[in-house]
1. Name every residue in the stretch 258-276 that is farther than 19 Å from Asn235 by Cα and either assigned to a strand (DSSP E or B) or at pLDDT 95 or above (or both), in order of residue number.
2. Suppose we filter Gly440, Gly420 for residues that are modelled with pLDDT under 95 and open to solvent by less than 20 Å² (accessible area, probe 1.4 Å); which single one remains?
3. Of (1) over 21 Å from Ala310 (Cα atoms); (2) not in a strand (DSSP E or B), Gly225 satisfies all except one. Which?
4. Out of the stretch 146-184, which residues are in a helix (DSSP H, G or I), crowded, with 22+ Cβ neighbours inside 10 Å and modelled with pLDDT of 95 or more?
5. Mind telling me which of the residues Thr22, Thr58 ends up being within 30 Å of Asp209 (Cα to Cα), in contact with an Asp or Glu (Cβ under 8 Å, 6 or more places away or on another chain) and touching a residue at least 24 places away in the same chain (Cβ under 8 Å)?
6. From Arg83, Arg13, which residue is touching a Lys or Arg at 6+ places or on another chain (Cβ under 8 Å), more than 21 Å from Ala142 (Cα to Cα) and at pLDDT 95 or above?
7. If I ask for residues that are more than 15 Å from Arg476 (Cα to Cα), touching a helix residue (DSSP H, G or I) at 6+ places or on another chain (Cβ under 9 Å) and assigned to a helix (DSSP H, G or I), which ones from the stretch 487-502 would you list?
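The values are calculated or read from the model by the stated rules, or taken from the named source; none is laboratory data. This one's a predicted model, so the numbers in the text were calculated from it and none came from an experiment. A quick note on method: Cβ atoms are made from the backbone with ideal geometry, for glycine too, and the neighbour counts reach across all protein chains shown. What goes into the accessible areas is simple: the full protein's heavy atoms, side chains included, and nothing from ligands, DNA or RNA. Shrake-Rupley method; radii C 1.70, N 1.55, O 1.52, S 1.80 Å.
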Amino acid sequence: MSPEELQRAVDDRFPGCMEGRTMYVIPFLMGPPGSLLARAGLQLTDSAYVAASMRIMTRVGARFLPSAPAPAPAASSANDFVRCLHSVGRPRDGSFPVPSWPCDPPRTLIAHDPQHRRILSYGSGYGGNSLLGKKSLALRLASAMARQEGWMAEHMLIVGFQDPRGRKRYLAGAFPSACGKTNLAMMRAALPGCHVTCVGDDIAWMRFDDQGRLRAINPECGFFGVAPGTSEATNPVAMATIRRDTIFTNVGLTSTGDVYWEGIGQSLPPGTTLTSWRGQPWQPGDPEPCAHPNARFCAPASNCPSLDPAWEDPEGVPIDAIIFGGRRPEGVPLVFEAFSWEHGVFLGSAMRSEATAAAEHKGRQLLHDPLAMRPFFGYNAGQHLQHWLDLASRPGARPPRIFHVNWFLRDQSGAFLWPGFGHNARVLAWICARIGGEAGAVATPIGLIPEEGALEGVEGGRHRELFPMDRRFWERECRELRDFYGEHWGRHLPREVMAQLEALEGRVRKM
């Protein structure tokens with residue numbers, strides 16, 4: 001909306017909205033103290049849930065209270081702080097009944113003002129709308145700040161991967177919500193001799209250093225992960241992380257005081273009863289789930305047993321590869337490498353994935369999700385892609401290699417073709433071997449795929465299943481991508497990206 005419309009909306013909602021409630025003042029820092037990329041914020045809120053959660057997700061304390069005068073519009077100093085105002089919109093003055101989860105859904109407003117570096121959130125108690133250091137600052141506002149100041153703010157995990165010979169590389173990965181980002185960030189490798197460490201599971205702030213290496217920090221200091229489906233079988237590291245000092249949102253509750261969700265994989269003691277996230281009695285077989293599909297856990301990073309020793313290094317960790325990926329049940333191979341940085345940016349712009357509970361509630365509908373940033377772009381998305389191209393073309397820049405993965409291929413019966421989870425280490429091992437010049441690849445119209453036998457246990461028919469090359473599929477992908485570019489990007493699409501699409505169309509015609 002226009003600035004004038006925003007001001008009218010603010011004037012309509014905020015006066016008196018905290019009447020009778022406690023206001024919390026939260027000075028916080030995103031990023032390790034001393035980092036060139038660290039940024040400060042100050043949040044006002046009337047939610048105790050937000051105050052407690054921000055204490056986990058950010059570095060909070062009086063030492064981060066801003067003392068500088070208010071910045072001018074479009075200020076660029078790293079010392080400026082971001083102004084964050086949040087209210088659930090339910091004053092305790094008798095004008096509203098007080099529900100168990102206070103909010104004002106009909107008038108919810110979440111607004112980001114990059115020019116004045118402020119975030120305004122009214123009417124919602126959901127974490128992503130109220131913990132304003134999370135998506136609002138870390139991605140929407142930070143991406144605009146990063147463009148202005150010459151760095152990158154991306155929806156990415158950061159992991160360290162150590163191979164059997166003890167060599168370690170750092171990888172950043174962009175995946176839409178609920179596409180296995182946290183599972184990958186906390187993975188226990190099912191490949192002997194390999195070890196994965198976690199720097200972050202959701203946000204990466206990155207800059208090119210004086211030697212041209214891309215370095216990344218995790219601006220958060222906690223995990224705000226999806227609970228349903230998390231278990232000892234799928235993510236034992238996450239289960240260890242959330243055993244203490246954790247806030248659970250919209251999960252089920254057992255009569256013994258424990259938490260419960262679909263896929264938790266733990267048997268209940270005899271006689272245990274369950275209460276759903278709606279506060280109603282629940283038992284297995286009921287039509288509604290016990291936990292909301294987007295139920296969350298909020299836990300300190302310091303709880304994570306696989307936390308990387310350099311996760312708070314102010315310089316950031318050096319990124320050797322960037323990985324894109326989404327939920328694609330057919331057509332898209334398990335892994336392939338981009339031909340170049342420009343081709344990799346094109347792959348990021350072309351990402352599509354099945355919708356998730358965190359975003360759309362639309363089942364398995366395929367959605368375009370460029371760079372996994374569709375809900376989080378802080379400015380024109382075409383200019384965001386151009387920023388990627390411009391940064392990597394600066395003198396001395398040595399951009400990392402770019403790869404695309406798809407853990408979610410299915411066979412005709414609907415079963416997953418790839419075991420995923422800890423076995424994804426086999427794919428990471430190939431990626432790192434490619435970076436080191438130690439693994440072969442075969443050129444295809446869409447990119448470089450592993451030679452047969454390069455992935456342990458993937459040969460013959462298994463290789464063909466995991467690396468499909470169907471001309472009709474890619475002709476359809478090209479048509480739909482061209483339509484998407486035309487409808488949503490238009491003249492703002494960088495010419496380098498359109499050139500990559502045209503090149504792909506030409507290669508597909510020759511398949």
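1. We begin by selecting, within the stretch 258-276, every residue farther than 19 Å from Asn235 by Cα; these are 268-276.
The answer is Thr272, Thr273, Leu274, Thr275, Ser276.
2. Gly420
3. With (1) over 21 Å from Ala310 (Cα atoms); (2) not in a strand (DSSP E or B) applied to Gly225, the lone miss is (2).
4. Taking the stretch 146-184 and keeping what is in a helix (DSSP H, G or I), we get 146-149, 181-184.
Within this subset, residues satisfying the condition of being crowded, with 22+ Cβ neighbours inside 10 Å are 146, 181-184.
Within the stretch 146-184, Ala146, Leu184 meet the criteria.
5. Thr58
6. Working: Arg83 fails: more than 21 Å from Ala142 (Cα to Cα).
One residue alone meets the criteria, Arg13.
7. Taking the stretch 487-502 and keeping what is more than 15 Å from Arg476 (Cα to Cα), we get 487-500.
With the extra rule that they be touching a helix residue (DSSP H, G or I) at 6+ places or on another chain (Cβ under 9 Å), the set shrinks to 488-494, 496-500.
Within the stretch 487-502, His488, Gly490, Arg491, His492, Glu496, Val497, Met498, Ala499, Gln500 meet the criteria.
Yes/no matrix, rows are residues, columns are (1) in contact with a Gly (Cβ under 6 Å, 6 or more places away or on another chain); (2) surrounded by 14 or more Cβ atoms within 10 Å (Cβ to Cβ); (3) at pLDDT 95 or above; (4) closer than 30 Å to Gln162 by Cβ:
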| residue | (1), (2), (3), (4) |
| --- | --- |
| Gly461 | no, no, no, no |
| Phe467 | no, yes, yes, yes |
| Glu475 | no, yes, yes, no |
| Leu481 | no, yes, yes, no |
